[in-house]
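Okay, so here's the structure we're looking at.
The values are calculated or read from the model by the stated rules, or taken from the named source; none is laboratory data. These numbers come from a predicted model, not from an experiment. Note: ideal-geometry Cβ built from the backbone for every residue, glycine included; neighbour counts use all protein chains shown. Please note that ligands, DNA and RNA were not included when accessible areas were found on the heavy atoms of the full protein model with its side chains. Shrake-Rupley method; radii C 1.70, N 1.55, O 1.52, S 1.80 Å.
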Amino acid sequence: MDNNTSNNAEIENGSLAHASASLPEELLIMPVHNQVVFPTIATPLMIPPQYAGVVDDAMKGDKRIGLLTVKSPKTTDPKPGQMHEIGTIGKIMHTNRSADDTLLVIIQGLKRFKVAHWVADDPFLRARVVLTPEVVESDLEVEAMVRNVRKLSAEIIELSQQIPDEFGSAVSEINDPLQLAYVIALGLNLGVDERQGILDQNSVKEKLLQLGRHLSRERDLLEIGSKIQSDIQKEMTDTQRKFFLRRQLEAIQKELGEGEEGQGSEAETYAKRIEEADLSEEARNEALRELKRFKNLSPQSAEYPMIQTYLDWVLDLPWKHTSEDSDDIPGARRVLDEDHFGLNDVKERLIEYLAVRSLVRSRGSSGGTDNEQSIIGVILCLVGPPGVGKTSLGRSIARALGRSYTRMSLGGLRDEAEIRGHRRTYIGAMPGRIIQAIKRSGTRNPVFILDEIDKVGQDWRGDPSSALLEVLDPAQNLTFRDHYLDVDFDLSEVIFIATANQLDTIPAPLRDRMEIIRLDGYTEQEKLQIAKQHIVPRQLKDHGLKEEEITFMDGAIIKIIQDYTREAGVRSLERQIASVLRKATVRISEQNWTHLIVTADLVLEYLKKERFES
């Protein structure tokens, strides 16, 4: 305060106030970023290293310098035209150089000036300037404006937590309207453009009017922010109040012997669902235990949604709902023949499996002997190269038995929790994929395809193949326990069918649980029949074509099989047939043909050079 007082006295005494009397012909110009320097006010500035020479040059003379605010904060090296033309002449009062060559400069604002024209920009900006003194009115309107900005400033200081109360005391002691406008503009939360706009005004009355508009808007913003904060605080207080009232209500109801929750509440709904659900005894007891905890929790509790999710899983699982198997063995044989051509040995083994299973279950004891379990619980593993129909065979078995079908891909599976589920101590815990698939199927005895069982991996998260041992062992899966459910679930009636491309990568204990059925692939004649009966009709439908529009000759299919594919399955054959049909579709559309016969020559034209020699 002592330095500012002496500086103000110096200005009033005339040594600085009449700077125009000794104004040099050329004035050094210092660009200022993100700040406006006002007359009569001492302002600290951080001078970047590239402008340190300007300060040094000014210090060699009378220490006066022209300060112009840069228009765009993104401009790093401003040139004439990129700065405002009205600025402030300042005198360097103090300098302090930091270790990174940045200067901290205290500059005392003197007078307002305007650039007449630029003289030089190398090595430093220089310009001829003219002083632009402000017009200071002294009437009732100015006095009213002064009172208005004082009042708005006091309200802003009261609403804002970032402006010290000392600033309000300093404002109340300023009597000069011009200095009051500059001090408030610099001290309160105004933008650089708003401050420059106040500096640009020639009349004190206009400066105060413009300042009043900005202060009024800032006051309104702070009031809205304060109201929002108050509403949030009130909402939190109401939530806490309701929580305590709810606990008091529960205590009163308990003393009166009334129900802990109102009619129709969530807890009442879950209690009704548990009563109506066909759960196992262990699952029912666990659900009732969790429901008791659920009743005593607040909806704001972190455990509330976790117990809700658990109860939903327990109640949605098909604990005793099963689909009735079809004992029509001729019908099962017909379904397999419809869906697959060839593979006679494989289909015969599947028919034997279904026939024995049907007979044992119809004549076996109700409790299920060990021999019955060993026969019914046989796990089939279809092993063969890609594209021979391993997965689709499982779907055909489900259709033949009249059971629901579900599938789980094991390729790349490395986390044991994917099989057994996560324990409920973890945030976001979920059941394992076995239980999830059972829930999707809607029955307790679906046909369950474990695809690519030879590609199961292991890492620090556990060994999924070891977890599969319990799932695939008929002696253990009767009481399969998922970590999330933490109750036994009967998987003994699920028909598990595994598929693999090779046996070498399947762990020996897991391989020992399964009966291996090999699918070695198809002969050329089998591929021809598969293409005619299944692939071509399916691809015609996928391409929007009718059977009467395109005819595939046997020779065309044989040529694709011999010269364009070399595989045990039929996936590549299907891709090549699809390629021929796409090109045929273009020709039919362009030439308006009503019928196209695909021959071996046309295949050569469409698919170009043969890839293999037959």
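Of everything in segment 263-287, what is β-branched (Val, Ile, Thr) and over 35 Å from the mean Cα position of the chain (by Cα)? Give them in sequence order. Correct list: 274 only. Of all the criteria given as (1) under 41 Å from the mean Cα position of the chain (by Cα); (2) buried (at least 21 other Cβ atoms within 10 Å of the Cβ); (3) not charged (D, E, K, R), the one not satisfied by residue 543 is (2). With respect to the stated conditions, residue 523 is in contact with a Gly (Cβ under 8 Å, 6 or more places away or on another chain), of a type in the set (Ser, Thr, Tyr) and over 29 Å from residue 417 (Cα atoms). The set of residues in segment 169-191 that are of a type in the set (Ser, Thr, Tyr) and in contact (Cβ under 8 Å) with a residue 60 or more places away in the chain contains only 182.
For (1) touching a Lys or Arg at 6+ places or on another chain (Cβ under 9 Å); (2) farther than 30 Å from residue 342 by Cα, each residue gets a yes or a no:
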site: 433; (1), (2): no, yes
site: 438; (1), (2): yes, yes
site: 495; (1), (2): yes, no
site: 507; (1), (2): no, yes
site: 512; (1), (2): no, no
site: 520; (1), (2): no, no
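When 163, 157 are screened for being open to solvent by less than 70 Å² (accessible area, probe 1.4 Å), without any contact (Cβ under 8 Å) to a residue 60 or more places away in the chain and touching an Asp or Glu at 6+ places or on another chain (Cβ under 8 Å), only 157 passes.
Inspection of segment 520-530 finds no residue satisfying the criterion of being open to solvent by less than 20 Å² (accessible area, probe 1.4 Å), in a loop (DSSP other than H, G, I, E, B) and over 24 Å from residue 394 (Cβ atoms). The set of residues in segment 106-134 being of a type in the set (Val, Ile, Thr) and touching a Lys or Arg at 6+ places or on another chain (Cβ under 8 Å) consists of 107, 115, 119, 129, 130, 132. From the list 224, 184, the lone residue that is open to solvent by less than 30 Å² (accessible area, probe 1.4 Å) and modelled with pLDDT of 85 or more is 184.
In segment 60-71, the residues that are under 13 Å from residue 27 (Cα atoms) reach residues that are among the hydroxyl-bearing types (Ser, Thr, Tyr) with C-beta atoms within less than 7 angstrom, at least six apart or across chains, in these pairs: 67/88. Among the conditions (1) closer than 19 Å to residue 488 by Cβ; (2) part of a helix (DSSP H, G or I), the only one that residue 454 does not satisfy is (1). When 605, 574, 590 are checked against the criterion of being among the acidic types (Asp, Glu) and surrounded by 14 or more Cβ atoms within 10 Å (Cβ to Cβ), 574 stands alone in meeting it. Segment 268-341 holds helices (runs of 4 or more DSSP H) entirely within its bounds, and those carrying 2 or more residues that are in contact with a strand residue (DSSP E or B) (Cβ under 9 Å, 6 or more places away or on another chain) and either over 26 Å from residue 398 (Cβ atoms) or open to solvent by less than 70 Å² (accessible area, probe 1.4 Å) (or both) map to 281-295. Residues that are open to solvent by less than 40 Å² (accessible area, probe 1.4 Å), more than 24 Å from the chain's Cα centre (by Cα) and within 11 Å of residue 483 (Cα to Cα) within segment 406-436 comprise 419, 435, listed in sequence order. Restricted to segment 112-125, and to residues that are modelled with pLDDT under 90 and charged (D, E, K, R), which residue is surrounded by the most Cβ atoms within 10 Å (Cβ to Cβ)? Among them, the one singled out is 121.
Just one residue in the set 455, 439 is at pLDDT 85 or above, within 27 Å of residue 516 (Cα to Cα) and open to solvent by 50 Å² or more (accessible area, probe 1.4 Å); that residue is 455. Residue 393 meets the conditions (1) surrounded by 22 or more Cβ atoms within 10 Å (Cβ to Cβ); (2) modelled with pLDDT of 90 or more in every case but one. The failed one is (2). For residue 554, the conditions (1) open to solvent by 50 Å² or more (accessible area, probe 1.4 Å); (2) under 30 Å from residue 350 (Cα atoms); (3) not aliphatic (A, V, I, L, M) all hold with the exception of (2). Among residues of segment 376-390 being at pLDDT 85 or above and open to solvent by 30 Å² or more (accessible area, probe 1.4 Å), the one that is farthest from residue 515 (Cα to Cα) is 386.
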